[in-house]
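Worksheet: one structure, shown below.
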There are 2 protein chains.
Amino acid sequence: MDVFALAAMRMDHTNPTRPVPPTTVRRLSTYYRVLGAVHSEGQANVSSETLAVLTGFTAAQVRRDLAYFGSFGKRGVGYAVSALRQRLASILGIDRGWRIGLVGVGNLGRALMAYPGFNNQGFEVVAAFDSDAAVIGSTVNGTRVLSAGDLAHAVRVDRIDMVIVTVPARAAQKVVDQAVAAGVRAILNFAPTQLRVPAHVQLSNVDLAVEVEYLSYSLAV
Amino acid sequence: MDVFALAAMRMDHTNPTRPVPPTTVRRLSTYYRVLGAVHSEGQANVSSETLAVLTGFTAAQVRRDLAYFGSFGKRGVGYAVSALRQRLASILGIDRGWRIGLVGVGNLGRALMAYPGFNNQGFEVVAAFDSDAAVIGSTVNGTRVLSAGDLAHAVRVDRIDMVIVTVPARAAQKVVDQAVAAGVRAILNFAPTQLRVPAHVQLSNVDLAVEVEYLSYSLAV
DNA sequence: GCGTGTGAAGCTTTTCACAGCA
DNA sequence: TGCTGTGAAAAGCTTCACACGC
């Protein structure tokens, strides 16, 4: 492919021309979810104003967010629900069947394995891991639980792209080191601790205490 | 108390003089957590640079964040670990023993009830609720599980300040309406749906799908 | 007429860089 | 000397408001 073909690709409204704010990417996820509801109600088109009501964002935000990826709405009409939903899936990469390994089959790990939109919508938990002999060998949500020691091997054999970490904080870095050494490209960390990963590995953290404490602050003011 | 006493209160470095960015409040939560670790290592003082390494934020962010609430560090020395930790607890309001009701005792609800820093650190889950007869009456993490129908009554009798919602999306609005009508002041919502609450009620949402999809986007780019 | 797409303005948040105090 | 606290600059993000195309 030559340089002109590459330039054409960039012009076809599949790739953004300007940098996309991280805040926008996080909102895309919510648009995708509510479009599912709109779709199952049989609506063919939806306006930025309606999406604003359904998501809690503003209409201007909705239009700006979607416009990063091309002109996708029709003036006077709105956005085609089904096409927009597919487009968002493609942009978010959740149409690729990412292969996920989940480490730590406690309550949080089980909750995530059963979460609507995790094991189905574009993600497949292909293996789960734990260090508790009472859990190893059992099946959770249709996925076999392996020994934590098998993580590196399984990452390679099962071609795991992403690891979700739901182990206690003290065990998290070791898990991540093994996963990274075995070639994992992304880590989603739920353990309340700061993890170190090489620059080529994507890391996101979810701290379950942050939002409660934010609410506590709001009440206390 | 006269107007001068009130003015003095505002000058005593307990209350911020400038508006505090929400981003700062969310980071305070992380400072509080890592200060616990620093404290148990016996460190008396800690610099903004060290806090930056431990949290993944920048040293300038740390100093700016803490300075919203007063001059709390010593130049050339850093921040007094123990005093800063107590101060953050006071700012975040997590020294007040907020009384929490948790609705939806599935895996996610159980995970939160067992979460370090939830049931202890300043929050007390005083009652849990579910609609499943197989769970009602049992005890989870030392808390009795009541019928979801008892929510409004329990909010009043047990003086519940905050409700954590870990029910399926379709059941969430009803739970919130009951809790709000009974006088709850804050809602922490884990259900993937947009909730409506009156302006005087604080609402925070945690969407567990957002960060996985953000990682998916990062991998797909 | 309706509702998108987007310059421009406004606001928020981060980063820089250094004066000033222990 | 070391490290905080903070003006000022830069970067990032949201909102406004309206031209334009369906």
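The values are calculated or read from the model by the stated rules, or taken from the named source; none is laboratory data. It should be emphasised that the depicted structure is a prediction, and the values quoted were computed from it without experimental measurement. FYI the Cβ positions are ideal-geometry reconstructions off the backbone, even for glycines, and counts take in every protein chain you see. Areas reflect the complete protein model, heavy atoms only, side chains present, ligands, DNA and RNA absent. Shrake-Rupley method; radii C 1.70, N 1.55, O 1.52, S 1.80 Å.
Does A:Gly183 qualify as being of a type outside the set (A, V, I, L, M, F, W, C), touching a helix residue (DSSP H, G or I) at 6+ places or on another chain (Cβ under 9 Å) and buried (at least 18 other Cβ atoms within 10 Å of the Cβ)? Considered against the rule, which asks whether it is of a type outside the set (A, V, I, L, M, F, W, C), touching a helix residue (DSSP H, G or I) at 6+ places or on another chain (Cβ under 9 Å) and buried (at least 18 other Cβ atoms within 10 Å of the Cβ), A:Gly183 comes out as no.
One line per residue, one yes/no per condition, for (1) of a type in the set (Lys, Arg); (2) assigned to a strand (DSSP E or B); (3) farther than 30 Å from B:Val34 by Cβ:
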{"position": "B:Ala111", "(1), (2), (3)": "no, no, no"}
{"position": "B:Gly117", "(1), (2), (3)": "no, no, no"}
{"position": "B:Asn120", "(1), (2), (3)": "no, no, no"}
{"position": "B:Val135", "(1), (2), (3)": "no, no, yes"}
{"position": "B:Leu151", "(1), (2), (3)": "no, no, yes"}
{"position": "B:Arg156", "(1), (2), (3)": "yes, no, yes"}
{"position": "B:Arg170", "(1), (2), (3)": "yes, no, yes"}
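Taken over the range B:15-42, the criterion of being within 14 Å of DNA strand D (Cβ to nearest atom), of a type in the set (A, V, I, L, M) and open to solvent by 20 Å² or more (accessible area, probe 1.4 Å) is satisfied by B:Val20 alone. With respect to B:Arg170, is the statement that it is at the interface with chain A (Cβ under 9 Å from one of its Cβ atoms), free of Cβ contacts under 8 Å to residues at least 60 places away in the same chain and open to solvent by 30 Å² or more (accessible area, probe 1.4 Å) true? No: the conditions fail for B:Arg170. The single residue among B:Val20, B:Val34, B:Val25 that is more than 21 Å from A:Thr193 (Cβ to Cβ) and either over 22 Å from the mean Cα position of the chain (by Cα) or at pLDDT 95 or above (or both) turns out to be B:Val20. Here A:Val46 fulfils each of the conditions (1) β-branched (Val, Ile, Thr); (2) more than 14 Å from chain B (Cβ to nearest Cβ); (3) more than 11 Å from DNA strand D (Cβ to nearest atom); (4) surrounded by fewer than 16 Cβ atoms within 10 Å (Cβ to Cβ) apart from (4). Scanning the range A:49-66 for residues that are near DNA strand D (Cβ under 8 Å from one of its atoms) and either within 13 Å of chain B (Cβ to nearest Cβ) or farther than 24 Å from A:Pro22 by Cβ (or both) gives A:Phe57, A:Asp65.
Scanning the range A:118-140 turns up at least one residue that is out of contact with any Phe, Trp or Tyr (no Cβ under 9 Å at 6 or more places or on another chain), buried (at least 21 other Cβ atoms within 10 Å of the Cβ) and at the interface with another protein chain (Cβ under 8 Å from one of its Cβ atoms).
Within this structure, A:Tyr115 passes the test of being within 13 Å of chain B (Cβ to nearest Cβ) and either farther than 30 Å from B:Met113 by Cα or buried (at least 17 other Cβ atoms within 10 Å of the Cβ) (or both). Would you confirm whether any residue within the range B:99-109 is within 11 Å of chain A (Cβ to nearest Cβ), surrounded by fewer than 19 Cβ atoms within 10 Å (Cβ to Cβ), more than 21 Å from B:Thr30 (Cβ to Cβ) and of a type in the set (A, V, I, L, M, F, W, C)? Checked the range B:99-109: no residue is within 11 Å of chain A (Cβ to nearest Cβ), surrounded by fewer than 19 Cβ atoms within 10 Å (Cβ to Cβ), more than 21 Å from B:Thr30 (Cβ to Cβ) and of a type in the set (A, V, I, L, M, F, W, C). Just give me the residues in the range B:67-97 being within 8 Å of DNA strand D (Cβ to nearest atom) and on the phi > 0 side of the Ramachandran plot, in sequence order. Those that are within 8 Å of DNA strand D (Cβ to nearest atom) and on the phi > 0 side of the Ramachandran plot: B:Gly70, B:Gly76, B:Gly78. The set of residues from the range A:68-78 being surrounded by 14 or more Cβ atoms within 10 Å (Cβ to Cβ) and near DNA strand C (Cβ under 9 Å from one of its atoms) comprises A:Tyr68, A:Gly70, A:Phe72, A:Gly73, A:Gly78. Among the candidates A:Ala59, A:Ala52, A:Ala83, the residue that is open to solvent by 40 Å² or more (accessible area, probe 1.4 Å) and within 16 Å of DNA strand C (Cβ to nearest atom) is uniquely A:Ala83.
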